[in-house]
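Everything on this sheet refers to the single structure shown next.
The values are calculated or read from the model by the stated rules, or taken from the named source; none is laboratory data. What you see is a predicted model; the values in this text were computed from it and never measured. Positions of Cβ are generated from backbone atoms using ideal geometry, with glycine treated the same way; all protein chains shown enter the neighbour counts.
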Amino acid sequence: MHEQPAASAEVLVVGGGPAGATAAALLARQGLDVVLLERARFPRYHIGESLLPSLLPLLDLLGARERVEALGFVRKRGAYYDWGGQQWSLAFQGLGQQAPYSFQVPRAGFDAALLDHAREQGARVREGAGVRRIAFREGRAVEASWEYWRGARAIEGAPDGAIGVFSLPGHRSGRRRARPCLPPWRARRRTTPCRSPGPR
């Protein structure tokens, strides 16, 4: 049984990777009603990532650094380059960074940790919910339709009146690219209920 996404939201975040989870966590912490829809179920495979020390201040801002540190990722304290017969080594210590190290991470665990953190900050996260379409009205993103896949069946709905839409993976609506669309939601914190048709 799938948990239905809400029928309305102040901000809809499409995609639960690091960018989506970060946006959702920060906005939810500011008291906004945030719904995040992610088509995959975490943890999901993604190629590993070699992170830079500039990430750590962001993790501090999110309040997620302790969670990430606890996962025991390999600490990366510098870099070594070998290209065209030339070699360079670089140590992060002493470069003016706020941290002398970063991490080498398997993305499955790293991404899942950030998504869980977004949940803890108050974002309503729905996994297995793929966004099919984002509709615009007068240049503003106002509605999204999604689907849950289970065999050949789908459940669709539309959070109408989402005041801001972050479409992070580059979803499209017709010929129009869905992009961050944030009118002054602080001045207009109102949502409109919508239809949520059930299984077809």
Checklist outcome for this item: Turns out the helices (runs of 4 or more DSSP H) fully within segment 4-108 with at least 3 residues that are in the same structural domain as VAL142 (by TED's automatic domain parsing), crowded, with 20+ Cβ neighbours inside 10 Å and touching an Asp or Glu at 6+ places or on another chain (Cβ under 9 Å) are 18-29
Checklist entry - Looking at (1) touching a strand residue (DSSP E or B) at 6+ places or on another chain (Cβ under 8 Å); (2) at pLDDT 95 or above, which is the only condition LYS76 fails? => result (2)
Item to check | Matching entry among ARG65, ARG41, ARG77 (being basic (Lys, Arg) and farther than 12 Å from PHE103 by Cα) | outcome: ARG41
